[in-house]
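Trainee: The following block contains the structure, expressed as structure tokens.
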């Protein structure tokens, strides 16, 4: 990769990462997106804004999150040392809150009294409801009816936090449909509403600003690796649905040529069955939800229904920067299926006493294959993007246990 | 001269305004669409906007979302839509047809393939809801080469600078979205629309069609007084939803609505 670009210089002014990204929305939203991009451009290097963001991350979220050496699991796998970036220890239990803190600060600066969000697993919905409660903002969260069913605990958490959860019954009743409905809400209430998108997808400037807010993960991991391991890691592994936890870990390392990166998509029942959620592994470029990116679509450009045991990865698209990094060959995109993820979920719980989110378990499942191919003087950092409490009912149901 | 331009020129000479109905192609079945297009012309339609069904119609309200679902349920493809236009052209060589939809189905075919096939089928223009002019730099020359007009939206939130940009990027007509919301939303405010249309006229040269929120003869008449054309969609699609298995009832109900609009607009 001698000709690699300076990764920190992207996206361009209109939100493009090569052919990917951009701003594909109906005209009614163009003004609001231009305003948001301008506001972010003005605030991102503003010392007061940075200080407010850093303060909240330290004192409200509890950062920095630890970089934990999983000694027992590393030894068991018999290869590279495995380090877990403990985003599961954040307030609300996942990396999502890093972004909602940032976007809520933007909403405050723009004087919007109401926020909306889409959510899949419910982690982003909870993180949004949390910051909305703290800032006294009205909050409505769109969630696919199927996800409302399989993530009941998070639905109740959002309600307790004062948010209204609106089940979405159109289409496949999952994350993509929740995003459609949130867009429809925003186009109707654009004057008083800030749309807090939960991942690095959507129209410009969302993939940029969500990435920037999530980069705290990678910045910390870089510093912690140098301090605790005495060197940069040899490999990074993170799960990819929309891809915000992955880009947050990867981005601060992209210009470090020696660091290999693995983005792990959800293979569901297996890529070969067609029942999966792995657009980078088995899709092609198209336009959905405001950006050009790899999508799961049929020959007519209709979006295909996805499948994953993990609601947070059950999405037919992916952040446009990932599409670009795939085509450039900078990041390796691989996949883990439902069974592998569930097995890794159990293994980490039993070997390290850490119960991971099913999303993060996809990253663990791939790392489990990668580690034995590497040597004990090498280091892998896995983004443990969320904790598994929310998934207990799903896993129990698979075990045949009813509550 | 292209069909859309000559249509607006002829209407201007007659001091009449364009009546522009929208239906989703393949709703409620593939067989319904072409006879319905002819019926709409007979009832007074000047231009037809034909929806290309998409799985994720983000800018549409529930009425047109369901129309897309009905059309996709029996596999209406973009090729099917083009075949419908071709069949329509066997009997009608005058009425402009604009395909309205989302970018992804067009990208899936490829810009050149799509433009060539659309032009050969007799399509006159395309309106892609999620394609603002800034992202249309690549597709526009391809559409131009096949003499297809690109119709862009102008919204209540569009700045003056953007209206100028859109006016230069588009051809055929501009589609003014009368309210902040999705298709089929609550009623529009005619005074507000009148003010905005006036602003657009001062900044752009194209005829202005107004859509979103036009439900009946009264609202069509009021909007036609302040614009060059009236687009009606959800009010018609509702009739298809009410009679999905009865093409004759669909044709009659939609024709009745359009005839009443035509009559009110021409008074």
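The values are calculated or read from the model by the stated rules, or taken from the named source; none is laboratory data. Keep in mind that what you see is a predicted model, and the values were worked out from it rather than measured. Backbone-built Cβ (ideal geometry, glycine too); neighbour counts: all protein chains shown.
Trainee: State all residues of the stretch A:209-224 that are buried (at least 22 other Cβ atoms within 10 Å of the Cβ) and either over 28 Å from residue A:180 (Cβ atoms) or touching a strand residue (DSSP E or B) at 6+ places or on another chain (Cβ under 9 Å) (or both); if no residue qualifies, say none.
Mentor: Those that are buried (at least 22 other Cβ atoms within 10 Å of the Cβ) and either over 28 Å from residue A:180 (Cβ atoms) or touching a strand residue (DSSP E or B) at 6+ places or on another chain (Cβ under 9 Å) (or both): A:216, A:217, A:218, A:221.
Trainee: Are there any helices (runs of 4 or more DSSP H) wholly within the stretch B:76-156 with 2 or more residues that are over 21 Å from residue B:173 (Cα atoms) and either at pLDDT below 95 or away from every other protein chain (no Cβ under 14 Å) (or both), and if so which?
Mentor: B:78-91, B:111-121
Trainee: Yes or no: residue A:42 closer than 16 Å to residue A:214 by Cβ, more than 20 Å from the chain's Cα centre (by Cα) and not assigned by TED's automatic domain parsing to the domain that holds residue A:290?
Mentor: Judged against the criteria, residue A:42 is not a match.
Trainee: Could I ask something else about it? Given the structure, is residue B:19 within 14 Å of chain A (Cβ to nearest Cβ), in contact (Cβ under 8 Å) with a residue 12 or more places away in the chain and under 29 Å from residue A:28 (Cα atoms)?
Mentor: The answer is no for residue B:19.
Trainee: With respect to the numbered conditions (1) farther than 24 Å from residue B:159 by Cβ; (2) within 19 Å of the chain's Cα centre (by Cα); (3) surrounded by fewer than 22 Cβ atoms within 10 Å (Cβ to Cβ), which one is the sole condition not fulfilled by residue B:197?
Mentor: (1)
Trainee: Sticking with this structure for a sec: Need at least 3 residues that are within 14 Å of chain B (Cβ to nearest Cβ) per element, so show me which strands (runs of 3 or more DSSP E) inside the stretch A:1-108 make the cut, counting only ones lying wholly within it.
Mentor: A:20-24
Trainee: Would you tally the residues in the stretch B:20-37 being touching a strand residue (DSSP E or B) at 6+ places or on another chain (Cβ under 9 Å) and more than 22 Å from residue B:211 (Cα to Cα)?
Mentor: Number of matching residues: 1.
Trainee: Separate question: Which residues, counting only those in the stretch A:36-65, are touching a residue at least 60 places away in the same chain (Cβ under 8 Å) and closer than 20 Å to residue A:223 by Cα?
Mentor: Within the stretch A:36-65, A:53, A:57, A:63, A:64, A:65 meet the criteria.
Trainee: Next question, about the same structure. Could you list, ordered by first residue, the pairs with Cβ atoms under 6 Å in which the first is in the stretch A:154-165 and at negative phi and in contact (Cβ under 8 Å) with a residue 40 or more places away in the chain and the second is assigned to a helix (DSSP H, G or I) and crowded, with 21+ Cβ neighbours inside 10 Å, at least 6 apart or interchain?
Mentor: A:154/A:126; A:154/A:390; A:165/A:155; A:165/A:158
Trainee: Right, next: Of all residues in the stretch A:171-222 being touching a helix residue (DSSP H, G or I) at 6+ places or on another chain (Cβ under 6 Å) and at pLDDT below 95, which is farthest from residue A:120 (Cα to Cα)?
Mentor: Selected residue: A:190.
Trainee: Which residue, of B:206, B:188, is more than 14 Å from residue B:64 (Cα to Cα) and surrounded by fewer than 23 Cβ atoms within 10 Å (Cβ to Cβ)?
Mentor: Of the residues listed, the single one that is more than 14 Å from residue B:64 (Cα to Cα) and surrounded by fewer than 23 Cβ atoms within 10 Å (Cβ to Cβ) is B:188.
Trainee: On to the next question. Condition first: over 22 Å from residue A:241 (Cα atoms), touching a residue at least 60 places away in the same chain (Cβ under 8 Å) and at the interface with chain B (Cβ under 8 Å from one of its Cβ atoms). Now tell me which residues in the stretch A:167-193 satisfy that.
Mentor: Residues satisfying the conditions are A:187, A:189, A:190.
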